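Scroll down for the structure; my scribbles are underneath it.
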Ligand code: TXA
Ligand code: MG
């Protein structure tokens, strides 16, 4: 059910949850100070309670409320990348409920760029927790329509158009001295973070914190996703298997009776399109989604992460 800003404010203040637009993906929001509403988020998503939530703010004044201390490096990164698709994990203050942080002593904070979402946070005058507005392990929504289909119209949705970035924020752990840990890649790359922070960014492989993509299954569309190094292999696979496929490739594929989507060859446009393609494929009667892998350059790290976690690599 689509609702307007006034209604969204009213519902949130009434301990209800609301699907909200952000520039990355749509979120499922509650006030950060309403335990009952936060419980409803976990229930609606069917998400285990040990997966913590990001707290969204409209002003830096809230960081002082949410965090126990604010490292210099946080200020530098916030100045450069906020509002925007960057989430930073800090040590938490006492006001942040254990329901939000999965009983950890850290809190993840993001200042989003989407004007309507910022206005909502401002009018509610309270930080809003919001995970992506999808069922656990499924593809995040990048439009109001995607939320409506995933939850069969059961959630109130504030429609803010299509998400501009298209994949979830980059997440950094800033709680360690002299190093930054990347918990989830995104369109803001580790190269950019290193050049602003002058610190090494370590990729987190064995964290105990439950962070995004720690599951090997994630971001899944409803059909199997098979990944290929090149288009020749895709063509061969289709010829040998003779079924119906949704193909996402950079180059033209020479086959009839297949849905061929020519993908953008730069990572920003690709990120904007990739979940929309998967949601479109969900509506189709196909056997699998076949994807030509992007180049391995650092700018593609966010997109590559999502593609790898959604599918498996074809070995012939
Ligand atoms: O772009 C985004 O980040 C979107 C929009 C709605 O803001 N949100 C999003 O939320 O992707 P979610 O819940 O789907 O993914 C957030 C990830 C979770 O996997 C969670 O484990 C991690 O952030 N996270 C949250 N709090 C954390 C913390 N204190 N320490 C480590 N990881 C944390
Ligand atoms: Mg998510």
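Laboratory data are not the source of any read-out in this text; all were calculated from the coordinates shown. Here the structure is a predicted model, which means the values were calculated and not measured. Every residue, glycine among them, receives a Cβ derived from its backbone with ideal geometry; neighbour counts consider all protein chains shown.
Sorting 110, 220 from the fewest to the most surrounding beta carbons within 10 angstrom yields 220, 110.
Could you work out the mean projected area of the convex hull around the alpha carbons of the stretch 36-101, in square nanometres to one decimal?
5.0
In this structure, residue 116 and residue 1 have a Cβ-Cβ separation that, at R0 = 22 Å, corresponds to a calculated FRET efficiency of about 0.85. Between the stretch 141-184 and the stretch 276-310, the C-alpha centres lie 17 angstrom from each other. Summarising the label geometry, the points placed 7 Å from Cα in the beta-carbon direction at residue 287 and residue 313 lie 2.4 nm from one another.
Taking the fewest neighbouring Cβ atoms within 10 Å as the starting point, the ordered list for 143, 195 is 195, 143. With contacts taken as Cα pairs under 8 Å and at least 6 residues apart, the stretch 167-307 reaches a relative contact order of 29 percent. Take the Cα of residue 98, go 7 Å toward its beta carbon, and the backbone nitrogen atoms of the stretch 31-52 under 16 Å from that spot belong to 35-36, 39, 49-52. Based on Cα contacts under 8 Å between residues 6+ apart, the stretch 104-166 shows a relative contact order of 21 percent. Relative contact order for the chain: 20 percent, from Cα pairs under 8 Å spaced at least 6 residues apart, divided by residue count.
Maximal additional length on extending the residue 137-residue 91 stretch stands at 13.9 nm, based on 0.36 nm per residue less the C-alpha distance.
Considering helices alone, the calculated mean residue ellipticity of the chain at 222 nm is -9000 deg cm²/dmol, with DSSP H runs of length four and up weighted by -39500 (n - 2.57) and normalised per residue.
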